[in-house]
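**Student:** Handing you this structure, nothing more for now.
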């Protein structure tokens, strides 16, 4: 892991950009003499690590006493896109602009998001290996953000002790089938009127999760309307399981 920049924020949080092979990422660490619990934070459907909403959440969470890390998934943010990536994105835009039937749009999402999750999970595990070698970062480890990726990591990565899922991104069939194998405590956030994610799909998935401890927070409003107080509730959730 090679740190390429650092910025000390007003609250004492240290924000550092890093590269790990082809993986670019950002790490936020609080002012603390002891190693801090780690939260891996991912944006829905692989949106860039520099997205303003993700950065705001990460900084607030770090100020609460956690180390927070995010990376760009393959084909997203600062990472190069393949011709197949570009065609999948263009096909999705065309379908949505043309008002294509829901089943058609779902299949395009499936062909695009499914492989993205499969590629992203190993990158996150590689990043986790490197982060836990840093003296300022300790366990336990939590996950916050993109539900599809979170399901996969909760199933294949035993170091994750708790997870908070944002139910605003597409979840491929493979991850829906894996939901019953998720055994860590969960906090799921649902926007009741999310334009692109029917609530019944989320409710069915919540019912399918295999964990004995799962909580659903549902708020009125569209995709971008998640109340800021949910960040505070998320910090308290992780506090019960990581501190």
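Each value in this text was obtained by applying a stated rule to the coordinates, not by laboratory testing. The structure displayed is predicted, hence computed values, not measured ones. Reconstructed Cβ throughout: ideal geometry from the backbone, glycine too, with neighbour counts over all protein chains shown.
**Student:** Going residue by residue through segment 169-179, is there one that turns out to be part of a helix (DSSP H, G or I), loosely packed, with under 14 Cβ neighbours inside 10 Å and without any contact (Cβ under 8 Å) to a residue 40 or more places away in the chain?
**Tutor:** Taking segment 169-179 as the starting set, the residues that turn out to be part of a helix (DSSP H, G or I) are 173-179.
Narrowing further to those that are loosely packed, with under 14 Cβ neighbours inside 10 Å: 173, 177.
If we keep only those that are without any contact (Cβ under 8 Å) to a residue 40 or more places away in the chain too, we end up with 177.
Checked against the condition, which is being part of a helix (DSSP H, G or I), loosely packed, with under 14 Cβ neighbours inside 10 Å and without any contact (Cβ under 8 Å) to a residue 40 or more places away in the chain, segment 169-179 yields at least one hit.
**Student:** Still on this structure, I have one more. For residue 142, state whether it is in contact (Cβ under 8 Å) with a residue 40 or more places away in the chain, buried (at least 20 other Cβ atoms within 10 Å of the Cβ) and in a strand (DSSP E or B).
**Tutor:** Working: in contact (Cβ under 8 Å) with a residue 40 or more places away in the chain: yes; buried (at least 20 other Cβ atoms within 10 Å of the Cβ): yes; in a strand (DSSP E or B): yes.
Considered against the rule, which asks whether it is in contact (Cβ under 8 Å) with a residue 40 or more places away in the chain, buried (at least 20 other Cβ atoms within 10 Å of the Cβ) and in a strand (DSSP E or B), residue 142 comes out as yes.
**Student:** Let me ask something additional. In segment 83-140, what count of residues is obtained for those that are within 19 Å of the chain's Cα centre (by Cα) and within 22 Å of residue 176 (Cα to Cα)?
**Tutor:** 16
**Student:** Determine whether residue 196 is touching a helix residue (DSSP H, G or I) at 6+ places or on another chain (Cβ under 6 Å) and either closer than 20 Å to residue 41 by Cα or in contact (Cβ under 8 Å) with a residue 24 or more places away in the chain (or both).
**Tutor:** Numbers: touching a helix residue (DSSP H, G or I) at 6+ places or on another chain (Cβ under 6 Å): no; either closer than 20 Å to residue 41 by Cα or in contact (Cβ under 8 Å) with a residue 24 or more places away in the chain (or both): yes.
So residue 196 does not fit the description; no.
**Student:** Same structure again: Can you go through 215, 220, 211 and tell me which one is over 15 Å from residue 154 (Cα atoms) and in contact with a helix residue (DSSP H, G or I) (Cβ under 9 Å, 6 or more places away or on another chain)? Quick ask: steps written out before the conclusion?
**Tutor:** Working: 220 fails: in contact with a helix residue (DSSP H, G or I) (Cβ under 9 Å, 6 or more places away or on another chain); 211 fails: over 15 Å from residue 154 (Cα atoms).
Result of the check over 215, 220, 211: 215.
**Student:** Could you grab the pairs with beta carbons closer than 6 Å, sequence gap of 6+ or different chains, first residue in segment 57-80 and in contact (Cβ under 8 Å) with a residue 24 or more places away in the chain and on the phi > 0 side of the Ramachandran plot, second one surrounded by 24 or more Cβ atoms within 10 Å (Cβ to Cβ) and assigned to a strand (DSSP E or B)?
**Tutor:** Every condition considered, no pair remains.
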